[in-house]
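> If you scroll down you'll find the structure; I have some questions about it.
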Amino acid sequence: MAMIFQNPRGALNPIRAIGAQIADAILAHRRISRQEARAEAVRLLRAVQIRDPERRMSSYPHELSGGMCQRVMIAIAISCHPSLLIADEPTTGLDVTTQKVVMDLLARIAAERGMATILITHDLGLAARYCRRVVVMEQGRLVEEADPLTLFRSPRHPYTKRLVAASPTASSRVEDLVPEGEVRPVQVRELPPPSPGTPPLLDVQRVVKRFDDGAAAVADFSMTMQAGESVGLVGESGSGKSTTSRMICRLIDPTEGEILFDGYSIAKVPARDFNRSPLRKDIQIVFQDPNESLNPRFTAFDCIAHPILRLLGMRAGDALRRRVEECAHRVGLPKELLSRFPHQLSGGQKARVGIARAIACRPRLLVLDEPTAALDVSVQAVVLQLLDRLRREDNLAFLFVSHDLNVVRMMCDRTIVLREGGIVEQGESRALFTNPQTDYTRELVDAVPHIDASAVLVPA
């Protein structure tokens with residue numbers, strides 16, 4: 001029996017190379033030499049689509065992207081040929097093509113070895129494509145069970161109906177995701193187009209990022225953004241999306257190139273010094289995992305107040321409390337939850353704290369790095385509606401990094417497709433996903449699972 005955990009960084013040992021961790025599992029349960037275990041670890045890394053597995057054997061978890069860490073966990077789980085595999089959100093951090101490769105791999109292994117699989121997932125499309133039976137749970141109780149085709153086409157329980165209604169599809173609009181009465185109605189207000197000749201808010205010119213080993217994580221990346229515009233960054237895990245967004249946020253330094261924000265050059269300001277720049281408050285980020293990005297020793301109030309104290313110079317007192325409570329109200333976080341620590345909040349509540357912290361200083365550019373990856377579809381729908389409303393109310397520019405192409409299609413005016421650090425295609429989002437011009441983009445679009453899928457890949 002083996003298990004793939006949802007948070008790979010929490011499950012992997014941070015001070016041991018990934019090759020050694022895979023070999024450890026093999027040596028603990030199989031009669032095999034250490035040399036054979038290392039060779040098997042390389043084969044497993046190759047099987048889960050880790051590029052250059054021989055070199056990656058000596059890498060540590062912090063040197064890998066979230067999606068690559070997830071693939072390492074999958075390699076460990078299947079290393080000893082289990083009879084039962086429990087997969088708890090096994091593809092949360094993966095792009096759609098790698099997700100399909102990994103799930104096809106698990107389905108094939110299950111067929112070859114007679115392995116039973118329990119897939120725990122928020123992705124209804126994934127359940128539709130890969131499961132013979134789907135069990136819906138609410139508050140610890142089983143509320144409905146059926147084959148995927150019956151369940152998703154004719155749900156009977158109200159909770160199942162809400163899940164299906166909240167799942168984004170190729171034609172969804174963000175305001176339609178949640179049934180009426182679930183959240184405050186979204187006031188859709190079209191943002192005025194920029195005047196001709198208006199200089200861009202963000203201008204990235206031929207940015208390159210190389211790491212110490214000489215490998216280029218980002219190569220010759222250029223883009224512009226206007227105030228109020230939403231741009232999506234998509235691509236496979238390791239394509240350079242997070243590296244690009246962190247350079248724009250000035251969390252890491254580019255090797256070459258120029259980054260202009262509101263006409264000011266910020267690329268040459270070292271990342272460690274940018275926090276003292278007056279532009280720091282104008283560029284904020286919502287991280288992928290609030291469990292990692294929220295200080296566990298800070299209450300929700302402290303998390304939201306911290307950037308206000310540091311970047312705006314506001315002192316503790318009634319004015320600070322009112323400002324924090326206003327931010328909490330805007331993201332739908334009840335005031336009574338502000339005294340709680342992160343471990344006392346649900347996933348959706350922690351996501352709201354992360355968003356409230358990011359908007360606390362009223363930024364002009366918000367970078368969203370997989371902000372809903374760990375949320376179930378009903379909470380995701382609420383958070384996406386919240387973000388869309390904030391963008392329209394504050395004329396915020398969004399740089400939206402995501403593996404979920406249906407979410408990007410709904411949330412972004414334009415989309416940029418990255419592969420191996422370079423741009424392969426870009427354009428208006430709906431047109432790009434409806435009529436992709438490159439084989440790679442077409443491959444991404446075709447790999448998206450849908451809840452109306454009837455093909456069952458896990459064998460009887």
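The values are calculated or read from the model by the stated rules, or taken from the named source; none is laboratory data. These figures come from a predicted structure and were not determined experimentally. No Cβ is skipped: glycine too gets one built from the backbone with ideal geometry, and neighbour counts run over all protein chains shown.
> Being of a type in the set (A, V, I, L, M, F, W, C) and loosely packed, with under 14 Cβ neighbours inside 10 Å is the filter here; which residues of the range 115-134 pass it?
So in the range 115-134, the residues of a type in the set (A, V, I, L, M, F, W, C) come out as 115-116, 118-120, 124, 126-128, 131, 134.
Result: 116, 118.
> Take the residues in the range 1-44 that are of a type in the set (S, T, N, Q) and surrounded by 13 or more Cβ atoms within 10 Å (Cβ to Cβ), then tell me which one is farthest from residue 64 (Cα to Cα). Walk me through it before giving the result.
So the first thing to find is which residues in the range 1-44 are of a type in the set (S, T, N, Q), and the list is 6-7, 13, 21, 33, 35.
With the extra rule that they be surrounded by 13 or more Cβ atoms within 10 Å (Cβ to Cβ), the set shrinks to 6-7, 21.
Working: 6: 16, 7: 14, 21: 14 Å.
The extreme case among them is 6.
> Any idea which residue in the range 325-354 is surrounded by the fewest Cβ atoms within 10 Å (Cβ to Cβ), counting only those that are over 23 Å from the mean Cα position of the chain (by Cα) and without any contact (Cβ under 8 Å) to a residue 24 or more places away in the chain?
336
> Could I ask something else about it? Which fully enclosed helices (runs of 4 or more DSSP H) of the range 325-430 have 2 or more residues being among the hydroxyl-bearing types (Ser, Thr, Tyr) and under 30 Å from residue 441 (Cα atoms)? Show your work before the answer.
Values: elements: 347-359, 377-394, 405-411.
Per the criteria, no element qualifies.
> Identify the residue in the range 156-178 that is part of a loop (DSSP other than H, G, I, E, B) and either at positive phi or modelled with pLDDT of 85 or more (or both) and, among all such residues, is surrounded by the fewest Cβ atoms within 10 Å (Cβ to Cβ). Steps first, answer last, please.
Just the residues of the range 156-178 that are part of a loop (DSSP other than H, G, I, E, B), to begin with: 156-157, 167-173, 177-178.
Retained after the next criterion (residues that are either at positive phi or modelled with pLDDT of 85 or more (or both)): 156-157.
Details: 156: 12, 157: 15.
Across the range 156-178, the extreme among qualifying residues is 156.
> Further, regarding this structure: Consider only pairs whose beta carbons are under 9 Å apart and that are at least six residues apart or on different chains; among these, list those whose first residue lies in the range 434-445 and is closer than 14 Å to residue 95 by Cα and whose second residue is basic (Lys, Arg) and surrounded by 14 or more Cβ atoms within 10 Å (Cβ to Cβ).
From the range 434-445, the pairs are 440/419.
> Among the numbered conditions (1) within 29 Å of residue 292 (Cβ to Cβ); (2) without any contact (Cβ under 8 Å) to a residue 12 or more places away in the chain, tell me where residue 35 comes up short.
Condition not satisfied by residue 35: (1).
> Let me ask something additional. Tell me the residue from 229, 236 that is more than 30 Å from residue 356 (Cβ to Cβ), acidic (Asp, Glu) and crowded, with 20+ Cβ neighbours inside 10 Å, please.
Numbers: 229 fails: more than 30 Å from residue 356 (Cβ to Cβ).
Result of the check over 229, 236: 236.
> Would you be able to say whether some residue in the range 191-208 is more than 25 Å from the chain's Cα centre (by Cα), modelled with pLDDT of 95 or more and among the hydrophobic types (A, V, I, L, M, F, W, C)?
no
> Do the conditions hold for residue 88, that is, is it closer than 28 Å to residue 242 by Cα, touching a residue at least 24 places away in the same chain (Cβ under 8 Å) and surrounded by fewer than 17 Cβ atoms within 10 Å (Cβ to Cβ)?
Numbers: closer than 28 Å to residue 242 by Cα: yes; touching a residue at least 24 places away in the same chain (Cβ under 8 Å): yes; surrounded by fewer than 17 Cβ atoms within 10 Å (Cβ to Cβ): yes.
Here the answer is yes, as residue 88 does meet what is asked.
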